[in-house]
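Following: one structure in structure tokens, then a few remarks.
Throughout, read-outs are computed from the coordinates displayed, never taken from laboratory work. What you see is a predicted model, and the numbers here were worked out from it, not measured in a lab. Cβ sites come from the backbone with ideal geometry, for glycine too, and all protein chains shown count toward neighbours.
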Amino acid sequence: MNEDIEYETFVKELHEKHPLMFAQPYGGVCVGKGWYPILRALCHNIQSHIDAVDCWRRSLILKNPHNRPLPEEVPQVVVTQIKEKFGGLRFYYDGGDEMIEGMVHMAESWAAVTCEICGNHGSIRNAGGWLTSLCDMHYNERIELVRSRNATTN
Ligand SMILES: [Zn+2]
């Protein structure tokens, strides 16, 4: 579903909720609003996983009567770039573990079937020489726009 949220508001929300993930410059969130819910869920799940493992480790260090193996610390994820490429979501980062790799893969797959403009079901298609993930409505709108542009330039 389309989110009535401004870019600045969304980015501020991400930075405030996940200061460690956005601790370094990364170039901003260069994707359409239709993908905001995916990014919100992804960032939330990544940080929750890191925090949960950390919490489990700390509790075992304090008290471990059954000698459970200590889980490996998950290196903090730091986002390096968020963009759209060839119609798909690209989420680049440092740190993390295999679980987080899977989360990112899942989010990218989810974006590939989500309209980047409105968040409804879509697919990656060629809209006027440009690969974009769009629903039927926004695909048709884009095609119309390209047609009218070509009509005025020719
Ligand atoms: Zn759409």
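Quick notes on this one:
- Candidate lysines for bridging to Lys17, where Cα separation is under 29 Å - those fewer than 8 sequence places away on the same chain excluded: Lys33, Lys83, Lys85
- Relative contact order (percent, whole number), the chain, Cα cutoff 8 Å, 6+ residue spacing: 23 percent
- Lys/Arg +1, Asp/Glu -1 at C-beta; region 105-154 dipole; positive extreme among Thr114, Met137, Asn126: Asn126
- Kyte-Doolittle mean at least -0.5 and Cα axial length at least 18 Å: DSSP H helices in the chain: 36-62, 98-112
- Distance from the alpha carbon centroid of region 84-98 to that of region 1-76 works out to 14 angstrom.
- Of the peptides 22-28, 134-140, 8-14, the ranking by mean beta-carbon count within 10 Å, highest at the top, reads 134-140, 8-14, 22-28.
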